[in-house]
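Remarks on the structure that follows.
The values are calculated or read from the model by the stated rules, or taken from the named source; none is laboratory data. Just so it is clear, the model here is predicted, and its values are computed rather than measured. Cβ placement follows ideal geometry from the backbone for every residue including glycine, while neighbour counts extend to all protein chains displayed. Side chains included, ligands, DNA and RNA excluded: accessible areas come from the protein's heavy atoms. Shrake-Rupley method; radii C 1.70, N 1.55, O 1.52, S 1.80 Å.
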Amino acid sequence: MLRFIIRRVLQVIPVFIGSTLLVYFLVFSMSGSPIDALSGGKPISPAVVAQLTAQYHLDQPFIAQYGIFIKNLFTFNLGPSFSGQPIASIIARAFPVTARLAVMALAIEAIFGVTAGVIAGLRKGKLFDGTVLLASLVVIAIPTFVLGFLLQFVVGVKLEWAKPTVSSGANWGDLILPAVVLGLVSFAYVLRLTRTSILENMNADYVRTATAKGLSRPRVVMVHILRNSLIPVVTFLGADLGGLMGGAIVTEGIFNVPGVGNTLYRAVLSGEGPMVVSIVSILVLVFVLANLLVDLLYAWLDPRIRYA
Amino acid sequence: MSKDRVQITEEDSSVPRPLLELRDLAITFDTASGEVPAVRNANLTIMPGETVAIVGESGSGKSTTALAAIGLLPENGRVSGGRILFDGEDLTKADNKRIIELRGRSIGMVPQDPMSNLNPVWKIGYQVKETLRANNLARKDVDVQVAEVLADAGLPDAAQRAKQYPHEFSGGMRQRALIAIGLSCSPRLLIADEPTSALDVTVQRQILDHLATMTAELGTAVLLITHDLGLAAERAEKVVVMYKGRVVESGPALEILRNPRHPYTQRLVASAPSLASQRIKSAKTSSVESADVLLPKSEATVSKSDDVIEVRNLTKVYKLRGGKGAGADFKAVDDVSFDIKRGSTLAVVGESGSGKSTVAKMVLNLEKPTSGKIIFDGTDLTALDKKALFDFRRRVQPIFQDPYGSLDPMYNIYRTIEEPLRVHNIGDKKSREAKVRELLDQVALPASSMRRFPNELSGGQRQRVAVARALALDPEIVICDEAVSALDVLVQAQILNLLADLQAELGLTYLFITHDLAVVRQIADHVCVMEKGKVVEAGTTDQVFNDPAQAYTRALLDAIPGSRLELPPEVA
C-alpha cells in the first residue's frame with residue numbers, strides 16, 4: 001500500500017512540471033509583451049520599461065523565468081497584480097470561497113445522487129426509478145445558466161428561501177443556492193452512473209452466493225452490492241471535484257461569487273498574465289491531487305488495484 | 001453408507017422422512033414475449049444424508065430446479081405450481097424471513113464458477129465470517145473458527161489464507177473457499193451446482209473427493225447438479241435426468257447408466273466425455289466401425305504426411321515484476337519439441353499453468369519465443385517479414401475456448417465470418433457471400449443465421465460460427481485452444497464430430513490444446529502431456545492412454561470422472 005502511494009505521489013511531479021511548463025509557455029510566449037498589457041497600450045517611459053523588465057525577470061531566458069516562477073509559486077510570493085494587490089492575497093481570498101462551494105456541491109451530488117441511484121437501481125422499473133430518471137434527464141438537458149437564473153429568480157427572489165446573490169464574505173449560507181445549481185447537473189450523472197452500476201452488480205454471481213449464505217437483504221445490499229458499485233462513481237466524483245475546484249465561471253458569474261472562476265475570468269479578459277499563470281498552476285496542482293485521492297480511494301474500494 | 005450416521009432430530013418420527021421433496025414442481029419465467037415454462041412437473045426426493053444428482057444439458061432446468069429450493073430464482077422467475085417440501089415444510093408458502101433463516105444453516109450452496117462467486121473486494125476470511133455471523137454460529141474467537149472452517153475444506157495455511165483476497169487464490173483454492181462457506185453452518189442439505197466444471201480434472205477429483213468426505217462426516221445430503229452423466233454416476237446414489245424442463249428418468253445411478261430407457265438419457269450416455277474413453281477403446285479393440293467419425297485419420301491425408309509444424313526446443317520466459325522474488329524469472333515453457341504431421345491431430349494436454357496455452361500462442365505467432373524454433377512448412381516463424389507473416393496468418397487459424405467472448409457482439413454472423421476474407425482481400429462482395437453460405441453449410445448452420453447476432457445463438461451455435469470463421473480462409477492448420485471445454489457434453493460431441501468431419505474432408509491439421517483427456521481420446525492422433533512447462537510424455541494417443549509411462553499422466557487419466565466405473569458392454 002505504501003509503495004503504491006509513493007509511486008503515485010512521485011508520478012505527480014512530472015505531471016505538474018509538464019502542465020505548468022505548458023501553461024507558462026502559452027501565456028508568456030504567445031500573447032505579446034506583458035508590459036503592453038499592463039500599461040493598457042499607453043506609451044510608457046523606457047526607464048519604467050527597464051524597471052518592469054527587471055522586476056518580472058523579462059530579460060532572462062524562458063527556462064530561467066519558469067524556474068523563478070516555480071520557486072515563487074511554492075514560496076507563495078507571486079508579486080503584485082495590475083491593481084497593485086499581491087496576487088497571492090487575491091488567490092488566498094478566492095480559493096476558500098471556491099473550495100467551500102465545491103465541497104457543498106460535491107456533498108449534494110454525492111449524497112443525493114448515490115442515494116437516489118441506489119434506490120432507483122434496486123427498484124428498477126418502478127415509479128421511483130422512472131421519476132428520477134426523467135428528472136435527471138430534464139436537469140441534464142437544461143443549460144446551467146438557464147437553471148441558475150431560474151433558481152435564482154424562483155427560490156431567491158420570489159420565494160426568498162435563500163439569498164439570491166452572494167455577499168463578499170461568501171459564507172456557507174450564501175453559497176447554498178449556487179452549490180445546488182452546481183451540484184444538480186453532476187447529481188444527474190452520479191444518479192445514472194450509480195443506478196447502472198447497481199443494476200450490473202445486483203445480478204453478479206457473488207451477490208447470489210451472498211444471499212445463499214443466509215445474509216439479510218440489507219446486508220447483501222450494503223456489503224456486497226454497494227461497495228462494488230461505487231468504484232465508477234468515485235472516479236466520476238473525483239474528476240468532478242477537480243473541475244469544481246477550478247471554479248465554475250458561469251455559476252459564479254450568475255450569483256456573483258467572489259471565487260476562483262470569477263477571478264480567473266477577469267484576469268484572462270484583462271490580459272493579466274502573471275495572475276492567469278498563477279491560478280492555473282494552482283488548479284493543476286489541485287486537479288492532480290484530486291486524482292491522487294481518487295486513486296487511493298480506488299485502491300481502498302477494490303483490493304485488486306493495489307497490485308496493478 | 002453415510003445414511004447411517006444421520007441422527008433424526010425429530011422426537012416422534014422413527015421412520016425417516018425425505019429431507020427434500022419436490023412434488024409436481026413447475027417454474028415459470030416472465031419474459032418480454034410472455035410466460036415461459038422452465039420446469040414442468042418435476043418430482044424429486046432426497047433422503048437425509050443421501051447424494052442425488054440432477055443431470056441435463058444447459059437450459060434443461062436443472063439449475064433452476066435446485067435454485068428454487070433455496071428461494072434463489074431470478075427476479076422474473078416464480079414457482080407456478082407444485083410444492084417444495086423441506087423436512088415436511090412447504091417452502092413455496094414460507095415467507096422471506098423463513099427462507100433467509102433456512103439459507104446457510106439448513107440449506108447450503110456451492111456455486112458453479114469459483115471465479116465469479118466470491119466478492120472480489122472482501123477478504124476470504126471475511127466472506128466466511130459473515131456467513132457464520134448471519135447464521136448466529138460465530139464463536140467468540142471467530143477468526144480461529146474461520147481458519148478451522150477453511151482448513152476443513154482442505155485449504156492449506158488457512159489462517160494466513162483467510163487474510164487474502166479472492167484474486168490471490170487459484171481456481172481450485174477459491175472453490176475450496178466456496179465449499180467452506182457452503183458447509184460452514186453444517187447444513188442438512190447442500191446444493192452443489194456444477195461445483196467443479198470450471199476446474200482441471202485433477203483438481204476436480206480432489207475437490208469432489210473432499211466434498212464427499214466432508215458431507216459424509218456431517219451427514220449432509222447433497223443435491224449435485226452436473227451435465228456429466230459419468231460424474232453423476234460416480235458421485236451420486238440416485239440420478240435424475242432432466243430434459244427441456246421435465247424429469248425424463250430417475251433412479252439408482254448405475255441402473256440409469258447401464259440401462260437408460262429414455263432416448264435422451266441414451267444420447268447422454270453415448271456422448272458423456274468421461275465415458276467415451278472406454279467406448280472408443282472397446283470399439284477399436286473389437287475393430288468394428290472403422291469409419292467411425294471419431295477416428296478421423298483418413299488414409300489419403302496421412303499417406304502424404306510430412307511435418308507441417310516442427311517445434312524445436314521452444315522456451316518462453318516471463319520476467320516477473322515486483323521485489324520479493326527479485327530476479328526470479330518464470331519459465332512458462334521449457335524446452336518443448338514436437339512435430340505435427342499434415343492432416344493429423346496433435347493434442348497438448350496439461351493442467352492450467354502447464355504452459356500449453358503459451359505454446360499455442362507462440363505457434364500462432366502471437367507471442368515471441370524466448371528461444372527455440374517453430375518451423376512452419378519449412379520456414380522459421382521468427383524469420384518471417386511483415387508480408388510473409390500476413391500470409392502465415394491466413395494459413396493458420398485459431399478457435400478459442402469461450403464462444404461468448406471470441407465473437408464480437410456488435411458484428412452479425414455474416415460480418416463475423418466475412419471479415420477475414422475482407423481483411424485478406426479475397427474475392428468480391430458476391431463471391432464472399434457465396435463463401436459464407438458454403439461455410440455455414442459446412443458447420444451445419446442455416447443460411448438464415450447470417451443476419452443474426454451472437455447473443456441470439458446458443459453456445460454450441462456460436463462455437464460453430466467460430467469454426468466457420470476459422471475455416472473462411474481455407475487454412476491448413478487450425479489451433480483449437482480449449483475449443484470445446486466451455487460446452488455441454490452433447491454440444492461438445494457435436495463440435496468434435498464436426499471438427500473430425502472437416503478434417504477428413506479438407507485435410508486439416510489440428511493442434512488441440514486441452515485439459516480434458518476425455519476429449520483427447522476422441523480427437524487426437526498424437527498426444528503431448530505437459531507439466532510445469534515441460535513435455536513429460538509424448539506418443540500416439542493409444543500408447544499414452546493404454547500404457548502411460550509417467551505417474552503424472554496416470555494421475556490425469558485416473559482423474560477423468562467415471563473412469564473407475566465398471567461399464568457394461570452394451571454401453572461400451
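Quick notes on this one:
- Probe 1.4 Å, accessible area per residue of chain B, Å²: 43
- Inter-centroid distance (Cα atoms) of the range B:532-547 relative to the range B:397-439, Å: 36
- Cα lying deepest toward the dipole's positive end in the protein assembly as shown, options B:A147, B:V239, A:N203, charges on Cβ: A:N203
- Å³ per residue enclosed by the Cα convex hull of the range B:140-187: 66
- Under the criterion of Cα pairs below 8 Å and six or more residues apart, the relative contact order for chain A equals 26 percent.
- Listed residues B:V536, A:V280, A:L122: farthest to the positive end of the dipole of the protein assembly as shown (Cβ charges): A:V280
- Average accessible surface for chain A: 50 Å² per residue, computed with a 1.4 Å probe over protein heavy atoms with every protein chain in place.
- Note on A:212-225: average number of Cβ atoms from other chains within 10 Å of each residue's Cβ is 6.
- Solvent-accessible area lost in complex, 50 Å² minimum, residues of the range A:276-308 relative to chain alone, 1.4 Å: A:P303, A:R304
- Using a Gaussian network model of chain A in which every pair of alpha carbons under 10 angstrom is joined by a spring, one finds that among A:V114, A:V221, A:V257 the greatest mean-square fluctuation is at A:V221.
- Mean partner shielding of peptide B:182-190, defined as the number of other chain Cβ atoms within 10 Å of each residue Cβ, is 1.
- Whole-angstrom gap from the range B:171-205 to the range A:89-145, using each part's C-alpha centre: 44
- Zero-based 20 Å bins, Cα pair distances in chain B, whole percents: 19, 50, 28, 3, 0
- Fraction in percent of alpha-carbon pairs per bin - 10 Å, chain A: 6, 21, 26, 23, 15, 7, 2, 1, 0
- The solvent-accessible area of B:S116, taken with every protein chain present and a 1.4 Å probe, is close to 40 Å².
- Loop trypsin sites (Lys or Arg not before Pro), the range B:121-164, which have at most 11 other Cβ atoms in a 10 Å radius of their Cβ (DSSP): B:R139, B:K140
- In the distance distribution for the range A:1-122, Cα-Cα pairs more than 21 Å apart total 62 percent.
- When the Cα positions of A:W172, A:V49, A:L133 are compared along the charge dipole of chain A, A:L133 comes out farthest toward the positive end, with charges on each C-beta of Lys, Arg, Asp and Glu.
- For the range B:59-93, accessible area lost to neighbouring protein chains reaches 50 Å² or more, against the chain alone with a 1.4 Å probe, at B:L72.
- Convex hull of Cα atoms in the range B:430-572, direction-averaged projection (nm²): 10.8
- Applying the Karplus relation 6.51 cos²θ - 1.76 cosθ + 1.60 with θ = phi - 60° to the range B:455-467 yields 3J(HN,Hα) values of 5, 8, 10, 7, x, x, 5, 4, 5, 5, 4, 4, 5 Hz, where x marks Gly and Pro.
- Length-normalised contact order of chain B in % [C-alpha pairs under 8 Å, at least 6 apart]: 15
- Straight-line reach from B:K316: taking Cα to Cα under 23 Å and skipping same-chain neighbours fewer than 8 places apart, the lysines in range are B:K324, B:K331, B:K356, B:K361, B:K368, B:K373, B:K386, B:K532, B:K534.
- Three-way shape label, the range A:139-227, alpha-carbon gyration tensor, a/c 1.5: prolate
- For the segment A:226-232, counting C-beta atoms of other chains within 10 Å of every residue's C-beta and taking the mean gives 1.
- Annotation for the A:B interface, with buried accessible surface near 2400 Å², both sides summed [1.4 Å probe; non-protein components not counted].
- Going from the isolated chain to the complete set of protein chains, the range B:113-143 loses at least 30 Å² of heavy-atom accessible area (1.4 Å probe) at B:S116, B:N117, B:N119, B:P120, B:V121, B:W122, B:E130, B:A134.
- Normalised convex hull volume, the range B:165-239, alpha-carbon set, Å³ per residue: 87
- Between the range A:270-284 and the range A:234-261, the Cα center-to-center distance that results, in Å: 16
- For a straight C-alpha distance cut-off of 20 angstrom, the lysines reachable from B:K123 (same-chain residues fewer than eight places away being disregarded) are A:K213, B:K140, B:K163.
- Spherically averaged projected area in nm², based on the convex hull that wraps the Cα atoms of the protein assembly as shown: 48.3
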